[in-house]
Amino acid sequence: MAERILVIGSPGSGKSTLARQLGERTGLPVHHLDQLYWRPGWVEPDAETWHAQVRALAARPRWIIDGTYAGTLPVRLAAADKVVLLDLSPLRCFWRVIRRILGHLGKVRPDMAEGCPERFDLGFLGYVLLFRLRTLPRVEAMLEGYSGAFAWLGNRREIADFLKDFRGS
């Protein structure tokens with residue numbers, strides 16, 4: 001059984017939801033990188049602190065980590081048994097993010113850090129729309145050397161089939 005599962009992809013692709021579902025099926029602890037990264041008031045940590053936190057998390061024997069955060073992806077890839085890349089269409093991800101914002105506006109989501117209520121952020125919305133063009137190629141380049149189990153899921157049906165067939169291996 002996979003003991004370290006990494007779930008990556010665009011914001012709005014369903015990473016946190018899939019990570020929770022995998023956690024329920026496997027009993028593995030689920031860690032949302034957004035909770036680890038952000039400080040109250042949407043303050044970013046310094047790079048040294050952030051990288052140390054990710055290294056410590058990746059060194060644990062069992063986990064599911066949800067979040068792309070390309071700057072720390074190599075550390076997590078080196079430790080992961082299985083990687084799941086969610087690659088839904090940018091418009092679907094954008095729509096999901098808009099729905100998420102409207103549904104949680106002013107409140108902290110369960111997969112977000114305390115003190116970081118949901119808000120409209122035009123820069124973030126642009127990031128979602130351009131993820132496939134700007135971020136995904138960097139992620140793909142990092143995945144080239146990955147030798148563990150890998151699943152590239154591009155739509156809701158593929159995600160549902162993956163969950164249905166998931167045995168942890």
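The values are calculated or read from the model by the stated rules, or taken from the named source; none is laboratory data. Since we're looking at a predicted model, the values are computed, not measured. Virtual Cβ from ideal backbone geometry, glycine too; neighbours counted across all protein chains shown. For accessibility, only protein heavy atoms count, side chains too; no ligands or nucleic acids. Shrake-Rupley method; radii C 1.70, N 1.55, O 1.52, S 1.80 Å.
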Scan (1) open to solvent by 20 Å² or more (accessible area, probe 1.4 Å); (2) of a type outside the set (Gly, Ala, Ser); (3) under 20 Å from Glu118 (Cβ atoms); (4) not in a helix (DSSP H, G or I) for the single condition Thr68 breaks and write down its number. (1)
Specify the residue that is least open to solvent (accessible area, probe 1.4 Å); the eligible residues are those in the stretch 1-13 that are over 19 Å from Gly154 (Cα atoms) and not basic (Lys, Arg). Ala2
Report, by residue number, each residue of the stretch 131-154 that is out of contact with any Pro (no Cβ under 9 Å at 6 or more places or on another chain), in a helix (DSSP H, G or I) and either hydroxyl-bearing (Ser, Thr, Tyr) or open to solvent by less than 80 Å² (accessible area, probe 1.4 Å) (or both). Thr135, Leu136, Pro137, Val139, Glu140, Ala141, Leu143
Every residue in the stretch 88-114 that is under 21 Å from Leu163 (Cα atoms) and either part of a helix (DSSP H, G or I) or in contact with a helix residue (DSSP H, G or I) (Cβ under 7 Å, 6 or more places away or on another chain) (or both), please. Arg92, Cys93, Arg96, Asp111
Restricting the search to the stretch 14-51, which residues are of a type in the set (Asp, Glu) and surrounded by 14 or more Cβ atoms within 10 Å (Cβ to Cβ)? Asp34
Taking into account only those residues within the stretch 95-105 that are open to solvent by 60 Å² or more (accessible area, probe 1.4 Å) and hydrophobic (A, V, I, L, M, F, W, C), which is nearest to the chain's Cα centre (by Cα)? Trp95
Here is a check on your reading of the model: is Ser89 surrounded by fewer than 20 Cβ atoms within 10 Å (Cβ to Cβ), under 23 Å from Leu153 (Cα atoms) and either in contact with a Cys (Cβ under 9 Å, 6 or more places away or on another chain) or hydroxyl-bearing (Ser, Thr, Tyr) (or both)? yes
What do you reckon, is Arg157 in a helix (DSSP H, G or I), charged (D, E, K, R) and over 17 Å from the mean Cα position of the chain (by Cα)? yes
Restricting to the stretch 3-28, count the residues that are over 17 Å from Ala149 (Cα atoms), part of a helix (DSSP H, G or I) and more than 14 Å from the chain's Cα centre (by Cα). 2
